[in-house]
Amino acid sequence: MLDNEMGPNRDGGCQTCYGAVDINKSDYKTMRRNSHYYIVGHMSAVVKPDAVRIGASGYDVDGVTYAAFKNTDGSYAVVVLNNSGDHQQITISDGQRHFVYEVPISSVASFRWGK
């Protein structure tokens, strides 16, 4: 959590980082949840402890970021952030199965499927 001026900040620390949650410095009550807040929530729902990040490729659109993982139970997890100005139709494949999903504008989507 940082304040709305990206502080506190230590010498040598990140000068452009923002927190998962920002708290308004004028009243220390008003909070704003940033994209990191939602990404942590999505990732913790589908990426299990000791999972390994695996390669993911094939979708290259400005404003769309994604990461894939293999959980210790053999299931796969993918988290997609759509910061583009359009809905994005994506296809996710594990080499044997695939599915299509339309990720809404300014949203995070998470998926987990079995072995």
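Keeping every protein chain present and rolling a 1.4 Å probe, give me the accessible area per residue for the chain in Å². Before the final figure, lay out the partial values.
Numbers: 7810 Å² over 115 residues.
About 68 Å² of surface per residue is accessible.
State to the nearest 20 debye the size of the charge dipole of the range 45-112 about its Cα centre, where the only charges are +1 on K and R beta carbons and -1 on D and E beta carbons. Each step should come with its number before you reach the end.
Numbers: 5 positive and 7 negative charges, 57 e Å.
The dipole of the range 45-112 has a size of about 280 debye.
Which of the chymotrypsin sites (Phe, Trp or Tyr not before Pro) found in the range 20-58 are in a DSSP loop and have at most 15 neighbouring Cβ atoms, other than their own, within 10 Å? Could you put the intermediate results ahead of the total?
Working: sites: Y28, Y37, Y38; in loops: Y28.
Passing sites in the range 20-58 are Y28.
Give me the angle, in degrees from 0 to 90, between the Cα long axis of helix 35-46 and the longest principal axis of the Cα atoms of the chain, rounded to the nearest 10.
Once rounded, the angle reads 40 degrees.
Report, in whole Å, the centroid distance computed from the Cα atoms of the range 99-115 and the range 1-34.
Comparing the Cα centres of the range 99-115 and the range 1-34, I get a distance of 29 Å.
For T72, T30, write out the residues from largest to smallest accessible area, computed with a 1.4 angstrom probe and no ligands counted.
From most accessible down to least: T72, T30.
In whole percent, and with a 1.4 Å probe on the protein chains, what portion of the accessible area of the chain is carbon and sulfur?
Numbers: 3930 of 7810 Å².
Carbon-and-sulfur percentage of accessible area, whole number: 50.
Dipole of the chain, Cα-centred, from +1 at each Lys and Arg C-beta and -1 at each Asp and Glu C-beta, to the nearest 20 debye? Numbers along the way, then the final one.
Numbers: 11 positive and 12 negative charges, 86 e Å.
With only Lys, Arg, Asp and Glu charged at Cβ, the dipole is about 420 debye.
Please report, in debye to the nearest 20, how large the charge dipole of the range 10-69 is about its Cα centre when each Lys and Arg carries +1 at its beta carbon and each Asp and Glu carries -1 there. Working shown, then result.
Values: 7 positive and 6 negative charges, 54 e Å.
Charge dipole of the range 10-69: 260 debye, to the nearest 20.
Using protein chains only and a probe of 1.4 angstrom, how many square angstrom of R112 are accessible, to the nearest 10?
Per-residue accessible area (R112): approximately 110 Å².
Along the charge dipole of the range 17-67, which of A56, T30, C17 sits closest to the positive end, that is, farthest toward it, with unit charges on the beta carbon of Lys, Arg, Asp and Glu (+1, +1, -1, -1)?
Of the listed residues, the answer is T30.
Report the label-to-label distance for W113 and V52 in nanometres (one decimal), using points 7 Å from each Cα along the Cα→Cβ vector.
2.1 nm
Quick one, which of (1) 34, 13, 9; (2) 23, 16, 13; (3) 31, 17, 13 is the actual semi-axes √(5λ) of the Cα gyration tensor in Å calculated for this model?
Looking at semi-axes √(5λ) of the Cα gyration tensor in Å for this model, the match is (3).
The values are calculated or read from the model by the stated rules, or taken from the named source; none is laboratory data. Source: prediction; values computed, not measured. Cβ coordinates were reconstructed from backbone atoms using ideal geometry, including for glycine residues, and neighbour counts include every protein chain displayed. Ligands, DNA and RNA are stripped out before the accessible areas are found, and what is left, the full protein with its side chains, is counted by its heavy atoms. Shrake-Rupley method; radii C 1.70, N 1.55, O 1.52, S 1.80 Å.
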